[in-house]
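Working notes, beginning with the structure itself.
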Amino acid sequence: MIPVMQTKFGNDGNCLAACIASLLEMDIDDVPVYLDDDTWYEQYEKWLTSKGVTVLYISEPVNGPWRISNGFNMILCGESPRGHHAVIGRSRSGSIRFVHDPHPSGDYIIGDPTSIIILIKVK
């Protein structure tokens, strides 16, 4: 994972695109931003599939404790001091730890994530 910072903020923010770029080690400008509340997941899933990546999406409720293999990076979505946000977490010792916040504040999310997105490269 190579940390990428988001370049857009507020309602048109690209924190999720920054997390995807970080995990896939891509330039943020190469990752599309889908802001439609109804179809964003399907659009990302289709785009990621074209890049050889399968998506596992875990939605509410996602409070722990977690038992995910150590060293597995994932996107954690939840509430931040500024509203809904996406950050990167990593499993360690049976729980999830924050490892990268694409927002310059570094505030991460508050409380348990409301959803988790796991990207799996398919060869």
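Numbers below:
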read-out	value
Ordering of 10-20, 103-113 by packing [mean C-beta count within 10 Å, highest first]	10-20, 103-113
Residue-averaged 222 nm ellipticity for the chain, from DSSP H runs of 4+ at -39500 (n - 2.57), nearest 500	-5000 deg cm²/dmol
Candidates Val31, Val87, Val99: whichever shows maximal mean-square fluctuation once the chain is modelled as a Gaussian network with Cα springs under 10 Å	Val99
The range 10-121, relative contact order in percent, only Cα pairs under 8 angstrom and at least six apart counted	29
Potential lengthening between Lys8 and Asp107 on full extension [0.36 nm per residue; Cα-Cα distance subtracted]	34.0 nm
Gain on full stretching of the segment that runs from Arg82 to Arg97 - 0.36 nm per residue minus C-alpha separation	3.4 nm
Whole-number D in µm² s⁻¹ for the range 10-121, Kirkwood Cα-pair radius fed into Stokes-Einstein, 25 °C, 0.890 mPa s	172
Residue-count net charge about Val53 - beta-carbon cut-off 14 Å; Lys, Arg +1, Asp, Glu -1	+1
Kirkwood Rh and Cα Rg combined as Rg/Rh, the range 1-59	0.94
Within-9-Å neighbourhood charge of His85 [Cβ basis; K, R +1; D, E -1]	-2
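Values quoted throughout were computed directly from the atomic coordinates according to the rules given, and no laboratory measurement underlies them. All values derive from a computational prediction rather than experimental measurement. We place every Cβ from the backbone using ideal geometry, glycine too, and count neighbours over all the protein chains shown.
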